[in-house]
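Chemist: Below you'll find the structure I mean.
The values are calculated or read from the model by the stated rules, or taken from the named source; none is laboratory data. Quick caveat, the model's predicted, so the values are computed rather than measured. Cβ placement follows ideal geometry from the backbone for every residue including glycine, while neighbour counts extend to all protein chains displayed.
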Amino acid sequence: MGDLFEAGATWLAGQLKQHASQEVTYSRGGDSVVLRATAGPQPLRLTGQYGAVTVEWSNTDWVIPAADLVIGGQQVTPQPGDTIRRVMGGVVYVFEVLAPRGEPVWRHSDAHRAMIRVHTKQVGVE
């Protein structure tokens, strides 16, 4: 019998992709791939000293099946400067892969590395 947790993680990744995702275009340089990703807000980080509050970060994380992130025939991991484009209401929203100070731009979302969470910031509309 295989690892039940791994089977469960694989099943959950499939359910997330099928029922809670939207089509996006992931690009690196001149190459891109159309895939399904789940958008979610990234935790807002606030810092303050003596009552002052500064917003450090607030934007969108994307959960992507790791196996779907294939560019130029190679499975890749996100890099700073990559972009994700999502169409909503006829408008293309552009998100750049980058992360808050001191954090990596992506991480695995499960113990079996089926899903990755990519940190992005909206940088424009087209």
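Chemist: Looking at the stretch 1-28, which of the residues that are surrounded by 12 or more Cβ atoms within 10 Å (Cβ to Cβ) and assigned to a loop (DSSP other than H, G, I, E, B) is modelled with the highest pLDDT?
Modeler: Within the stretch 1-28, the match that is modelled with the highest pLDDT is Ser21.
Chemist: Of all residues in the stretch 79-126 being in contact with a Ser or Thr (Cβ under 8 Å, 6 or more places away or on another chain) and not in a strand (DSSP E or B), which is surrounded by the most Cβ atoms within 10 Å (Cβ to Cβ)?
Modeler: Asp82
Chemist: Moving to a separate point now. Would you check if Ala67 is modelled with pLDDT under 95 and assigned to a loop (DSSP other than H, G, I, E, B)?
Modeler: The answer is no for Ala67.
Chemist: From the list Ala52, Ala99, Ala37, which one is among the aliphatic types (A, V, I, L, M), within 20 Å of Thr25 (Cα to Cα) and modelled with pLDDT under 85?
Modeler: Result: Ala99 is the single residue among Ala52, Ala99, Ala37 that is among the aliphatic types (A, V, I, L, M), within 20 Å of Thr25 (Cα to Cα) and modelled with pLDDT under 85.
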